[in-house]
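I am attaching a structure below and will ask some questions about it afterwards.
FYI, it's all coordinate maths here, none of it is from the lab. Keep in mind that what you see is a predicted model, and the values were worked out from it rather than measured. Don't worry about glycine lacking a Cβ; one is built from the backbone with ideal geometry, like all the others, and counts go over all protein chains shown.
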């Protein structure tokens, strides 16, 4: 049974399970604090390909294959797949999942895509439309720079407010059961779908501040809809606000009457070492939240270290067209409540 909660949320009486997850990352991510948590660390960010876009598709292909192998499943057992990335027409996902021949919904939520995919997958399972659904997303530092900023050969200087797009892919299988080789105690008990929030910021090199208002809005409505306070969560985890966005988020929620400073964690801060890795404000990209959840956070929930987590990947809804036409950078954030069961 699915129950609507408040204005933006759903609660699952029979929570869909996160059956398994896989994380594939690049060399820089493997050198960071979470390097040992990831399933596959590639020493070659080109993955033996000729282009960065092909390389990103290879990361997707590896992540999907890895989670299927971990669960001893064939692709024919997955009823539907939700897949998306940052590139135009989601080409990284399309080429990455094509050979698996799984029915696929292409989705786009910018860097919030992992939360969007998990939300849709959980709704699909809870609604009885499928037994097993996969959600996968990816990003690549070089392909994202080429898509949204400048190709690496240009050698542009990055301001201190800029974040570093994570090279990696995370894949998840959501179902109504558990299986050997996967998680036994991890369930999605609710979701809070985000709204587009625009504070009029135009600085695409300060993604944290662009996305923080949307994260604050989603977290606020999650707490309101479920009648909770920050202390009801062991962690409230944003996707890729970085150090600057984290400060903005905490300040915005204090204005709304909630102090999440003790519970807050940001994947973009966790994935890199600010002292030894030159990533400026932290990590970003679809892959940032996805691989941190798949490789690190879900294991903590499975072990019972975290009993209840609010996972809130954040996305900046811009394109190179909107940016060059002088538009603002709206944000969106999707909340997923994940619990140890």
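Could you please state, rounded to a whole Å, how far the C-alpha centre of the stretch 7-78 is from the C-alpha centre of the stretch 185-260?
Spelled out, the Cα-based centre of one part sits 24 Å from the other.
Using only the alpha carbons of the stretch 1-53, what is the convex hull's orientation-averaged projected area in square nanometres? Working shown, then result.
Values: hull surface 27.3 nm².
Average of the hull's projected areas for the stretch 1-53 equals 6.8 nm².
Kirkwood hydrodynamic radius, computed over distinct alpha-carbon pairs, for the chain: how many Å, to one decimal?
Numbers: mean 1/r = 0.0518 Å⁻¹.
Every distinct Cα pair counted, the radius reaches 19.3 Å.
Would you mind telling me the antiparallel percentage of the DSSP bridges in the chain, rounded to 5?
Values: 38 of 57 bridges.
Here the share of antiparallel DSSP bridges comes out near 65 percent.
Continuing with this model, one more query. For the pair residue 299 and residue 36, how long in nm is the line joining their label points, each one 7 Å along Cα→Cβ?
0.8 nm
Determine, for 278, 39, the number of other Cβ atoms within 10 Å of each Cβ, and report the residues in order from fewest to most. Write out the running numbers ahead of the final one.
On the way: 278 9, 39 20.
Ascending Cβ contact count within 10 Å gives the list 278, 39.
Okay, moving on. What share of Cα pairs, in percent, lie more than 26 angstrom apart in the stretch 183-329?
Working: 2558 of 10731 pairs.
In whole percent, the share of Cα-Cα pairs in the stretch 183-329 beyond 26 Å is 24.
Would you please put 178-184, 335-341, 207-213, 22-28 in order of how densely packed they are, using the mean number of other Cβ atoms within 10 angstrom per residue and starting with the highest?
Numbers: 178-184: 15.9, 335-341: 22.6, 207-213: 28.6, 22-28: 26.0.
By packing density, highest mean first, the sequence is 207-213, 22-28, 335-341, 178-184.
May I ask you to order 245-258, 47-60 by the average number of other C-beta atoms within 10 Å around their residues, highest value first? Before the final figure, lay out each step's value.
Numbers: 245-258: 18.0, 47-60: 20.7.
Ranking the peptides 245-258, 47-60 by packing returns 47-60, 245-258.
Find the all-direction average of the projected area of the Cα convex hull for the stretch 2-175, expressing the result in square nanometres with one decimal place. Write out the running numbers ahead of the final one.
Values: hull surface 46.2 nm².
Orientation-averaged projected area of the Cα hull: 11.5 nm².
Which order, highest average first, do 118-129, 92-103 follow once you tally other Cβ atoms within 10 Å for each residue and take the mean per peptide?
Details: 118-129: 20.8, 92-103: 19.1.
So the order, starting with the most tightly packed, is 118-129, 92-103.
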